[in-house]
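Have a look at the structure below, then the notes.
The values are calculated or read from the model by the stated rules, or taken from the named source; none is laboratory data. These numbers were taken from a predicted model, which means no experiment stands behind them. Cβ: placed from backbone, ideal geometry, glycine included. Neighbour counts: every protein chain shown. Remember, those area values only see protein heavy atoms, side chains included, never the ligands or the DNA or RNA. Shrake-Rupley method; radii C 1.70, N 1.55, O 1.52, S 1.80 Å.
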Amino acid sequence: MVHKLPAGHEAVVKTTSRIDLPGHGQAIRGPRYRVEGLAFAGMRGVRLVEVSTDGGMHWTAAVLDVPLSASSWVFWRYDWTVDKPGRYTLLVRAMDGGGTLQTSVEQDPAPDGAAGWHEITVTVEV
């Protein structure tokens, strides 16, 4: 038996992405570092993941691994070349298969799922 939801009650998975490496607050050694994470957009798939290393002023496309299925997480990576030592704010955002960019507006998980770009701060040492 198939149950139909009333109009307006569909459970739509929000496009989400996260940075797994490096960890928030981590000190890393430059001048090169591989930033890695995951992205997900349900059955819509992930078309693009972008990383910012300057707090969202500029964005660069990450390399996406081939997902295991149409509804699985997508692993991504970005090889970051650091210009100089210091403190950096890294952000990540994803675009779903339909071309809709992940929202930057933060929202708590309740009542219908977390939203917003994932952000970490790292310190790059010489």
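Computed quantities for the displayed model
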| item | result |
| --- | --- |
| Cβ pairs under 7 Å, 6+ apart, first in the range 101-126 and farther than 20 Å from Gly55 by Cβ, second charged (D, E, K, R) and open to solvent by 70 Å² or more (accessible area, probe 1.4 Å) | Ala114/Asp108 |
| Counted residues, the range 79-114 - those being open to solvent by 40 Å² or more (accessible area, probe 1.4 Å), among the aliphatic types (A, V, I, L, M) and either farther than 19 Å from Ile19 by Cβ or assigned to a loop (DSSP other than H, G, I, E, B) (or both) | 3 |
| Count of residues meeting criterion [among the polar types (S, T, N, Q), crowded, with 19+ Cβ neighbours inside 10 Å and in contact (Cβ under 8 Å) with a residue 60 or more places away in the chain] in the range 20-72 | 0 |
| Any hit, the range 2-22, residues being modelled with pLDDT under 95, on the phi > 0 side of the Ramachandran plot and not in a loop (DSSP other than H, G, I, E, B) | no |
